[in-house]
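What follows is calculated from the coordinates using simple rules that are stated; it is not laboratory data. Predicted model, so just to flag it, every value in this text is computed and none were measured. Here Cβ is always computed from backbone atoms with ideal geometry, including for glycine, and neighbour counts include all displayed protein chains.
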Amino acid sequence: MRRARRAARPFVRAAADPVSPRALSSRLGGAAAEAKPSLWARFKHELHHYWIGSKLLYAETRISLRLINQLLRGQELSRRERKQVRGAVRHRQHRT
């Protein structure tokens, strides 16, 4: 069984046939051609971002508390350890 051939399309659209800005942008390869993620997808992405950030904050705080305990016991900290503690304290002050 053979398909019927479609009629040839004109190369130029008629002036009376309006084109939406989004359709025009998609033809030209613009950024508006990409579909916006759904609300659920954006929510999941944001939740993941906060989850990863809270895990990093927990790890940084745990390490810094261990270093502060070393300071309280009278041990000296290396330059990197002092920098770690200083950064963690700054982050804690900024977040509260």
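Distance between the modelled labels on Glu46 and Asn69, one decimal in nanometres: 3.8 nm (7 Å Cα→Cβ projection). Applying 1/(1 + (r/R0)^6) with R0 = 35 Å to the Cβ-Cβ distance of Arg90 and Lys36 gives a FRET efficiency near 0.45. When N is the residue count of the range 38-95, what does its C-alpha Rg come to as a fraction of 2.2 N^0.38 Å? Ratio of Cα Rg to 2.2 N^0.38 Å: 1.53.
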